Amino acid sequence: MFKVMEEYNWDNFAVITSLYPGYEAYVDYIRSFTDTSYFLWDLQDVLTFDMSEGMSDIRARRVLQQVDAQVLLVYCSHDEARFLFRMAADVGLVGPGYIWMLPAWRWGTRTCPRQLPRGPHQHHHRPLEAQPEEEGAGRGGHRGQGRAELPQVPGAPPG
């Protein structure tokens with residue numbers, strides 16, 4: 001996560017966790033890493049709250065309204081993520097301008113709930129060889145998707 005954040009200069013971020021077992025170790029790791037890194041990280045906030053379906057929506061929204069960062073690192077279970085993203089959408093934290101990063105090893109499943117924002121997690125578990133075929137890549141594969149087809153170079157083999 002930090003390599004990607006560093007590459008794009010996403011130095012300001014917040015951490016959002018549920019009470020899922022291991023959340024304290026996750027937060028400790030984040031703090032330790034950012035404190036000892038040569039990169040100047042700005043951990044703006046760490047928010048920890050109950051994300052179970054029975055939790056008060058009002059309280060969850062109130063906690064999420066405190067978020068001022070556009071890059072959000074999350075630690076929670078798969079089921080808690082459904083609740084989190086529903087509440088985040090309600091307070092305007094989902095969409096263009098927001099980056100949500102979740103460690104894959106916390107999910108325990110390869111399926112993605114509909115509530116999650118669209119992104120690279122949808123293609124994560126497919127073999128690279130399968131991706132171009134499935135995404136319509138290749139000559140003319142992007143027709144109708146707002147992308148120009150590259151012209152054929154004279155004398156070059158078709159392809």
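FYI, it's all coordinate maths here, none of it is from the lab. Note that this is a predicted model, so its numbers are computed, not measured. Neighbour counts are summed over all protein chains in view; Cβ atoms, including those assigned to glycine, are modelled from backbone coordinates with ideal geometry.
Given R₀ = 25 Å, FRET efficiency for MET1-ASP68 by Cβ-Cβ distance, to 0.05?
0.80
Stretched out fully, how many nm does the piece from VAL91 to THR36 gain, at 0.36 nm a residue minus the Cα gap?
Net length gain for the segment: 16.5 nm.
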